[in-house]
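Enquirer: Dropping a structure here in structure tokens format, bear with me for questions.
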Amino acid sequence: QVQLVESGGGLVQVGDSLRLSCAASGLTFSTYTMGWFRQAPGKEREFVATITRSGGVTYYADSVKGRFTISRDNAKNTVYLQMNTLKPEDTAVYFCAAGPTYLPQSSPRGYDYWGQGTQVTVSS
């Protein structure tokens, strides 16, 4: 049974940083492209960042480019999202996802497995 478990969310102030983690089990982690998505209340789920199997390629949404960094540790079956200079518009539930491809994926359709999400709230 595949499980993706996010952690690290919380309530922070504008300009603060957070690091989200997503621990994967039940799959061969190193063979999956990993992604982070987010969903704010009343809005559709949107792409945040993706990283290929070896970590060699990353891709970001324009809204987070230069502030967020995705990384992975295949030995720990974990993907991370370092979020710096947080803004109120970053407030959302953040989800990690695993896709069985070697390509970076910005579409939710490219992912087979999803975590339950972790709440990030940025207060002004």
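Enquirer: Give just the number: which of (1) without any contact (Cβ under 8 Å) to a residue 40 or more places away in the chain; (2) surrounded by 16 or more Cβ atoms within 10 Å (Cβ to Cβ); (3) of a type in the set (A, V, I, L, M, F, W, C) does Ala75 not satisfy?
Expert: Ala75 satisfies all of (1) without any contact (Cβ under 8 Å) to a residue 40 or more places away in the chain; (2) surrounded by 16 or more Cβ atoms within 10 Å (Cβ to Cβ); (3) of a type in the set (A, V, I, L, M, F, W, C) except (2).
Enquirer: Something else about it: Looking only at segment 111-124, filter to residues that are more than 14 Å from the chain's Cα centre (by Cα) and closer than 21 Å to Val5 by Cβ; which one of those is most open to solvent (accessible area, probe 1.4 Å)?
Expert: Of segment 111-124, the ones more than 14 Å from the chain's Cα centre (by Cα) are 112, 121-124.
Subsequent filtering for residues that are closer than 21 Å to Val5 by Cβ retains 112, 121.
On the way: Asp112: 91, Thr121: 46 Å².
Here the answer is Asp112.
Enquirer: Answer yes or no as to whether Gly66 is at pLDDT below 95, outside any strand (DSSP E or B), out of contact with any Cys (no Cβ under 6 Å at 6 or more places or on another chain) and farther than 16 Å from Gly110 by Cα. Give the steps one after another, and end with the answer.
Expert: Values: at pLDDT below 95: no; outside any strand (DSSP E or B): yes; out of contact with any Cys (no Cβ under 6 Å at 6 or more places or on another chain): yes; farther than 16 Å from Gly110 by Cα: yes.
For Gly66, the condition - at pLDDT below 95, outside any strand (DSSP E or B), out of contact with any Cys (no Cβ under 6 Å at 6 or more places or on another chain) and farther than 16 Å from Gly110 by Cα - is not met.
Enquirer: Output the qualifying pairs, or none if there are none: Cβ atoms under 7 angstrom, residues six or more apart or on different chains, first residue in segment 94-107 and closer than 22 Å to Gly26 by Cβ and assigned to a strand (DSSP E or B), second residue among the polar types (S, T, N, Q) and open to solvent by less than 30 Å² (accessible area, probe 1.4 Å).
Expert: As it stands, the answer is Tyr94/Thr118; Gly99/Thr33, since those pairs meet every condition given.
Enquirer: Taking into account only those residues within segment 29-52 that are basic (Lys, Arg) and part of a loop (DSSP other than H, G, I, E, B), which is nearest to Gly9 (Cα to Cα)?
Expert: Filtering first and then ranking leaves Arg45.
Enquirer: Confirm whether Gly55 is over 19 Å from Gly9 (Cβ atoms), surrounded by 14 or more Cβ atoms within 10 Å (Cβ to Cβ) and not β-branched (Val, Ile, Thr).
Expert: On the way: over 19 Å from Gly9 (Cβ atoms): yes; surrounded by 14 or more Cβ atoms within 10 Å (Cβ to Cβ): yes; not β-branched (Val, Ile, Thr): yes.
Yes, satisfied.
Enquirer: For segment 87-105, what are the residues that are open to solvent by less than 60 Å² (accessible area, probe 1.4 Å) and modelled with pLDDT under 95?
Expert: Thr101, Pro104, Gln105 - these are the residues of segment 87-105 that are open to solvent by less than 60 Å² (accessible area, probe 1.4 Å) and modelled with pLDDT under 95.
Enquirer: Further, regarding this structure: When you check Thr28 against the structure, is it of a type in the set (Val, Ile, Thr) and open to solvent by less than 60 Å² (accessible area, probe 1.4 Å), yes or no? Please lay out each step first, then the result.
Expert: Details: of a type in the set (Val, Ile, Thr): yes; open to solvent by less than 60 Å² (accessible area, probe 1.4 Å): no.
No, not satisfied.
The values are calculated or read from the model by the stated rules, or taken from the named source; none is laboratory data. Computed from a predicted model, the values in this text were never measured in an experiment. Cβ atoms come from the backbone with ideal geometry, glycine included; neighbour counts cover every protein chain shown. For accessibility, only protein heavy atoms count, side chains too; no ligands or nucleic acids. Shrake-Rupley method; radii C 1.70, N 1.55, O 1.52, S 1.80 Å.
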